[in-house]
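Novice: Sharing a structure, written as structure tokens. Questions coming.
The values are calculated or read from the model by the stated rules, or taken from the named source; none is laboratory data. Values in this document were obtained by computation on a predicted structure and should not be read as measured data. Neighbour counts are summed over all protein chains in view; Cβ atoms, including those assigned to glycine, are modelled from backbone coordinates with ideal geometry. For accessibility, only protein heavy atoms count, side chains too; no ligands or nucleic acids. Shrake-Rupley method; radii C 1.70, N 1.55, O 1.52, S 1.80 Å.
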Amino acid sequence: MELDDDEEAVEEDEEMMAAASAPDGREAPEDEEEAKARVEKMQLGGVNDVRSVAGLMKTLQPVMEKIAHYQELPPEQQTRNFGNIEDNPEYKLLTQSNTLSTSIDSEIILVHKFIRDHYSVRFPELETLITNPLDYAKTVAIVGNGPMEDIKSISSSSNNLVGQPLRAVLDGPSMMVVTVEATTSQGRELTEAELQTVMKACEMTMQLDKAKRVLTEYVQSRMNLFAPNLTALIGSLTAAQLLNYTGGIKGLSKTPACNIAPLGSKKASGTGFATNVGVRHQGFLYNSPIIRNIPSDLKKQAMRIVSAKIVLAARVDSIHGTPDGSTGEDLKQQCLERLDKLTEPPPNKGVRALPAPDDKPSRKRGGRRARKAKEATAMTELRKAQNRMAFGKEEQEVGYGTGEGTKGLGMIGQGTDGRIRSQQIDQRTKAKLSKKNPGWGGATPASGTASSIRGGVGGGAGSGSVSVLRGQGLRTSGVGAGAAGGTASTIAFTPVQGLELVDPKVREEMNRKRKAEEDRWFSGGTFTQIAGSAGGGQQPQTKVDAAGFKVPTLPAKKAKVDEGGK
């Protein structure tokens, strides 16, 4: 995606992220996880006063008084946004309040550790049942020393330091677990001094929580005055967090757009987990309302777009441009349009007709060689006939034994013409023999081999065989019709297929016609125009030498022609 003129590509450099985390040389606010790890190492059981450990309330008291003073001013005396914004006293109070609001969480964690170390003597199981610091402090302030055996009797009373019943502080399951564990707790009762120390710590925790709410509400209410365009773009809470992290409007306006996304992001430890999943920078901008509803795969691109607009809005607010926030609204609309463009599905191109079918045969290799290769592997007519079976007829088999030792013949020799005749030779797949090798039976005359089987029949000119066949009820057509005695066989040996059944009558008729044709065209005639030949067609006598070899005659000399006296 191409970036606009006001956008800068996000750099994935750790050094730039570190520079963004601590602008202007200021220390970055302590992370919640880091604060917990630091506080857990402390041993506060021997400290009797919580104020010696947690001193943030001393700093919060004057700030709370100034906030109350500015909030009580009438509308005509309230602060106006004129001149340099950095010189405005209420803007300084706003920046200080925002800084303190981020430090209160660490202070609450510290006081929570103090309460656990002192109250674990009375109810050690409670810290594992309730992990929220504020709820733990309220529960300790309500329960106190007990009675532990009958917490239900005090769970509905509001006469306590919190001013609320225990049922309003804890939900149903937590209330049930605390009640059951309290009956089996092995803790001892606290002395009056120990109980007062714990109650002061609980009261400080509630005061810190109240101060945080006051500071947050004040900062958000004043953001519309000091940064109206930035507030209109990303909201008052996110704007206040960014201003506190960068040191104010001037610091945010000088921050590169590529450093906005890492602000406020927690450093992942990566222990036992993959670090290359999700969005890398999950800071203040990641949790802002404008980015929250964007799909995860587009959040990184969305933060690039919004970061550039945040810097523009901060620069407009630093010079007091458009105090009504119209520029911020325009920038927000531009961001929303681009984000909608990113998240909208691709346009529907409509129903497209299927392409016309391509019925053209696929291109194959042609030529004489390809045709010969196909013919060599083609199924012959004999094989096709073997693959067929005649309906209602028993298939003939060849071979020995049964099962795989035999082969079926299918419809070979099962023609409907009444003759037992094998299939015709396929000229494409027949064996190729040279002229010098005519194959087996090549020297057999064309008329076939007439068998003169006379054994067991008796002598004679063939009448014995005919009579025997007639006596057995067999057909005698074509048997004994020739001049040869005995039984004339219809078996002819061919050079390719072996045995072939031939009708003797048809064979004799073909021989007779062929002989008639030969006698018609080549029965007589002489050669003409032979040198040295006589008029009667006599050939000259050939001379023989002493060794007995023939000596060719020399050609006749041409007679000289008289050309008129020359």
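Novice: Roughly what percent of Cα-Cα pairs across the stretch 226-265 reach past 15 Å?
Specialist: Cα-Cα pairs in the stretch 226-265 separated by more than 15 Å: 33 percent.
Novice: Pairs to check: Lys92/Lys212; Lys210/Lys332; Lys58/Lys212; Lys374/Lys407; Lys66/Lys210. Give those whose C-alpha atoms are more than 23 Å from each other in this structure.
Specialist: Lys210/Lys332; Lys374/Lys407
Novice: Another one. Ranked from highest to lowest mean number of other Cβ atoms within 10 Å per residue, what is the order of the peptides 279-291, 369-381?
Specialist: Those peptides, ordered most packed to least, come out 279-291, 369-381.
Novice: When the scattering of the stretch 180-222 is computed by the Debye formula from its Cα atoms alone, each counted once and equally, what is log10 I(q)/I(0) at q = 0.18, 0.20, 0.33, 0.35 Å⁻¹?
Specialist: Listed by q, the Debye log ratios stand at -0.69, -0.75, -0.98, -1.02.
Novice: Based on the alpha carbon coordinates of the stretch 182-328, what radius of gyration and maximum Cα-Cα distance (Dmax) apply, in Å?
Specialist: When restricted to the Cα atoms of the stretch 182-328, Rg and Dmax are 21.2, 66 Å.
Novice: Would you mind pulling out the separation of the Cα centroids of the stretch 221-254 and the stretch 119-147, in Å?
Specialist: Taking the Cα centre of the stretch 119-147 as reference, the centre of the stretch 221-254 is 39 Å away.
Novice: Sorted by mean Cβ packing within 10 Å, highest first, what order do the peptides 356-362, 166-172 take?
Specialist: Those peptides, ordered most packed to least, come out 166-172, 356-362.
Novice: Sticking with this structure for a sec: With a cut-off of at most 15 other beta carbons within 10 Å, and DSSP calling the residue loop, which GluC sites (Glu not before Pro) in the stretch 145-222 qualify? Please list them.
Specialist: Answer in residue order: Glu189.
Novice: Give the lysines reachable from Lys152 as a straight Cα distance under 17 Å; neighbours fewer than 8 places away on the same chain don't count.
Specialist: Leaving aside lysines fewer than 8 places away in the same chain, those within reach of Lys152 are Lys138.
Novice: Something else about it: Is the stretch 32-220 best put as rounded, prolate or oblate by its Cα gyration tensor, with a ≥ b ≥ c the root eigenvalues, rounded for a/c under 1.5, and otherwise prolate when a/b is larger than b/c, oblate when not? Provide the component values of the computation, followed by the final result.
Specialist: On the way: a/c = 2.72, a/b = 2.03, b/c = 1.34.
Note, shape of the stretch 32-220 comes out prolate.
Novice: Same structure, new question: Compare the peptides 221-227, 48-54, 349-355 by average per-residue count of other Cβ atoms within 10 angstrom and give them in order, highest first.
Specialist: Values: 221-227: 21.4, 48-54: 15.1, 349-355: 5.4.
Highest-to-lowest ranking by the protection proxy: 221-227, 48-54, 349-355.
Novice: On to the next question. Compute the length gained on full extension between Arg51 and Gln71: take 0.36 nm times their separation in residues and subtract their Cα-Cα distance, giving the result in nm to one decimal.
Specialist: 4.3 nm
Novice: Please compute the per residue accessible area over the stretch 94-220 with all protein chains in place, 1.4 Å probe, rounded to a whole number of Å².
Specialist: 45
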